[in-house]
2 protein chains.
Amino acid sequence: MAQDQLDEKGLSRRKIVVGGGVLAAGVALGQLGGLMPSAEAKTASATDWPWPYEKLDPVKTAEICYEEWYRVFCGCAVINSVFMQLKEKIGEPYASFPSDAFVFLEGGQVGWGTVCGSPAGANIVANLIIGPRIAGSPDGHHMSTDIMQWYSEASMPVFTPKKPRIDPAKIPHTVSESPLCHISVGKWMKAANLPLKSKERKDRCARVAASTAYRLVEMLNDWKDGNYESTSTFSAPKEHGITGQFNCMECHGDDVPETPTGKKS
Amino acid sequence: MAQDQLDEKGLSRRKIVVGGGVLAAGVALGQLGGLMPSAEAKTASATDWPWPYEKLDPVKTAEICYEEWYRVFCGCAVINSVFMQLKEKIGEPYASFPSDAFVFLEGGQVGWGTVCGSPAGANIVANLIIGPRIAGSPDGHHMSTDIMQWYSEASMPVFTPKKPRIDPAKIPHTVSESPLCHISVGKWMKAANLPLKSKERKDRCARVAASTAYRLVEMLNDWKDGNYESTSTFSAPKEHGITGQFNCMECHGDDVPETPTGKKS
């Protein structure tokens with residue numbers, strides 16, 4: 001199905017509607033052999049949202065993610081598990097996206113234990129494909145809130161690969177109650193009584209990444225079918241007047257500070 | 001200066017050396033009018049590291065970042081403040097990088113208060129330009145550790161724009177001792193006694209983003225000159241056997257858990 005639309009300069013621009021996505025003409029021409037100047041083709045593909053998407057198999061995605069973890073670690077593995085397949089199925093803008101640059105998401109950003117690379121990578125994928133909320137759809141933003149809450153509440157790792165490197169019986173399941181690497185990994189290390197450098201911890205994190213990629217693709221497939229509905233029930237800014245997670249007392253104890261209201265008493 | 005090199009397939013590939021960076025032939029041709037098939041030009045530019053870089057003015061970068069914050073918020077503002085200038089100076093791969101997709105970094109990833117978007121955005125920029133540590137240089141990884149520590153120790157906001165939207169006298173300076181949005185913003189809100197929704201808090205965060213962009217460009221300029229040396233002095237995995245920050249007792253109090261050693265006693 002094709003349709004003509006006027007762009008912001010009032011020029012007619014042919015767009016090809018593919019399922020839920022819109023493929024700009026420049027992309028299609030680019031894939032036919034580079035007839036368009038590359039800069040124009042690239043602009044049309046990577047900064048026009050949503051990016052073209054085809055439904056993926058969650059199990060296959062998780063298996064790819066599990067293997068990629070041992071090359072590029074959590075965040076990058078989640079990105080690559082989706083983009084490597086879409087590069088094969090669709091081409092641009094996936095083919096030229098510099099995914100490997102996101103290795104630094106490892107260890108909650110270069111070992112600092114902040115947001116786990118798995119939800120961070122999933123958030124990047126969701127917002128690259130659907131686009132930022134300022135570009136017309138809030139679905140990427142909502143999908144990220146869903147990923148953060150799902151990750152915090154899941155008994156991880158959820159996914160078991162067909163050929164695990166470590167006996168699954170040696171990998172306990174833990175609920176992090178947080179999207180932070182430090183807390184997610186720390187609770188698992190305590191339950192397993194194993195150090196950060198252990199093979200079991202590494203395989204646990206590879207499986208956490210695979211689990212997250214699985215869940216992400218389930219949501220993206222629903223979105224592609226027009227059936228995506230956000231499931232997250234929590235917003236710290238709305239409920240507590242500050243950015244944050246839901247379990248204040250885990251860090252603050254009984255001494256949870258009141259947030260300022262700005263109202264003069 | 002130009003030189004012929006053999007690529008991984010043993011084929012001769014003409015590369016143009018520009019200062020500290022290497023510009024693949026496909027990029028140059030692409031910029032001359034799309035003579036190369038777009039997919040090939042894109043692959044050569046975005047996934048070959050390092051990306052071409054020209055030194056930027058830290059003050060100008062910070063001013064752009066401050067303005068961009070009011071459009072795309074912290075993480076995306078840091079990315080755009082650098083990439084918008086390099087798009088003008090160099091072109092690809094900056095021109096087609098989908099920076100706006102990173103609006104979701106706001107509020108420590110969609111309001112969850114994890115890593116502040118400013119260092120998260122700076123880490124993305126450093127690792128996109130220099131490349132991941134698995135691609136040959138550890139400088140992007142090290143620059144991220146520097147950013148995380150510098151952000152935690154700085155009296156924020158460091159940078160004052162020429163035309164501040166809010167009287168700087170109304171913006172107290174605070175040291176977060178953490179790269180987490182929740183803690184950085186929370187300590188500032190406590191010091192200012194102002195809520196998350198206040199104009200002052202928003203301008204403080206715009207200036208924190210601008211400060212981070214300023215520091216990032218200082219480091220990238222040093223790197224371009226061959227003078228970059230990592231300044232970070234801390235590694236939680238090495239020192240504490242777990243990913244994390246340096247101030248364990250701020251969350252744990254006196255009850256800081258021992259990390260398992262895996263050694264049988």
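Quick note: the coordinates plus some simple rules give every number you see, no bench work behind them. Remember, it's a predicted structure, so these values are computed and weren't measured experimentally. Using ideal geometry, Cβ is built from the backbone for each residue, glycine included, and neighbour counts are taken over all protein chains shown.
Considering only Cα atoms, the convex hull volume of region A:120-224 works out to 98 Å³ per residue.
Lysine pair count for region B:58-244 (Cα-Cα distance under 23 Å; residues 8 or more apart in sequence or on different chains): 24. If you plug the beta carbon distance of A:HIS252 and A:ALA169 into 1/(1 + (r/R0)^6) with R0 = 45 Å, you get a FRET efficiency near 0.80. For region B:100-162, the C-alpha radius of gyration divided by 2.2 N^0.38 Å, with N the number of residues, is 1.23. Within the shell defined by Cβ-Cβ distances under 12 Å, the residues around A:GLN85 carry a net charge of -1, with Lys and Arg each +1 and Asp and Glu each -1. Taking region B:181-218 and a reference point 7 angstrom along Cα→Cβ of B:GLU88, the backbone N atoms nearer than 17 Å belong to B:214, B:217.
Taking amide H as placed 1.01 Å from N in the peptide plane, the amide H of B:VAL115 sits under 5 Å from that of A:VAL115, B:CYS181, each at least 5 places away or on another chain.
Within the shell of other residues whose beta carbon sits under 11 angstrom from the beta carbon of B:GLU229, the net charge comes to -3, with Lys and Arg scored +1 and Asp and Glu -1. Ascending distances from the A:THR160 label point to its copies in the other chains, with the point 7 Å along the Cα-to-beta-carbon line: 6.2 nm. The convex hull drawn around the Cα atoms of region A:48-125, when projected onto a plane and averaged over every direction, covers 5.0 nm². For region B:177-265, the pair-distance distribution built from all alpha carbon pairs, in bins 5 Å wide starting at 0, is 3, 10, 13, 15, 14, 16, 13, 9, 4, 2, 1, 0 percent. Compared with the direct C-alpha span, the chain from B:LYS162 to B:ASP222 gains 19.1 nm at full extension, assuming 0.36 nm per residue. Computed on the Cα atoms alone, the convex hull of region A:58-244 gives a volume of 121 cubic angstrom per residue. Taking a ≥ b ≥ c as the square roots of the eigenvalues of the Cα gyration tensor, region B:156-214 is oblate, since a/c reaches 1.5 or more and a/b is not larger than b/c. The modelled label-to-label distance for the pair B:VAL59/A:LYS263, using points 7 Å beyond Cα in the direction of Cβ, is 4.4 nm. When B:THR261 is represented by a point 7 angstrom out along its Cα-to-C-beta vector, the spacings to that point in the other copies are 5.3 nm, nearest first.
When only Cα pairs below 8 angstrom with a gap of at least 6 residues are kept, region A:58-244 shows a relative contact order of 27 percent. Across region A:124-134, rounded Karplus estimates of 3J(HN,Hα) from the backbone phi angles (6.51 cos²θ - 1.76 cosθ + 1.60, θ = phi - 60°) give 4, 4, 4, 7, 6, 6, 7, x, x, 4, 6 Hz, Gly and Pro being marked x.
Net charge of the neighbourhood of B:CYS74, taken over other residues with C-beta under 10 Å away and scored Lys/Arg +1, Asp/Glu -1, is -2.
Inter-chain Cβ neighbour count for B:112-123, averaged per residue, equals 6 (cutoff 10 Å, partner chain atoms only).
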